[in-house]
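The block underneath contains the structure these notes are about, expressed in structure tokens.
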Amino acid sequence: MSAHMSATDLHIQESESERVVRWRAEALARAGYAPDAARELAARLDIDLHHAIALLERGCAPEIAARILL
């Protein structure tokens, strides 16, 4: 085995918590939040994902919903 690894051999390992935050951000963006707001909301694990999405489903504007939740 070579002591040197090519760039294609290197893989960035994503932690479980990073995967959860990424998944939450994707779900929030699909629901209608702007990407920045989705990332900010996703990183706040004290914010219920289902509640955040339900606000939009009930007609709340994404900007208002983000302000309510944050």
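Restricting the first member to region 37-49 and to residues that are under 9 Å from Val21 (Cβ atoms), and the second to residues that are of a type in the set (Asp, Glu) and outside any loop (DSSP other than H, G, I, E, B), the beta-carbon pairs closer than 9 Å and six or more apart or on different chains are Ala42/Glu26. Selection of first residues in region 14-27 that are polar (S, T, N, Q) and of second residues that are surrounded by 11 or more Cβ atoms within 10 Å (Cβ to Cβ), restricted to Cβ pairs under 9 Å at least 6 apart or on distinct chains, gives the following pairs, ordered by first then second residue: Ser17/Leu45.
Counting the residues of region 24-58 that are basic (Lys, Arg), more than 8 Å from the chain's Cα centre (by Cα) and under 13 Å from Leu69 (Cβ atoms) gives 1.
Just so you know, all these numbers are worked out from the coordinates, no wet-lab data involved. Computed from a predicted structure; not experimentally measured. Please note: Cβ atoms are built from the backbone with ideal geometry, for glycine as well, and neighbour counts cover all protein chains shown.
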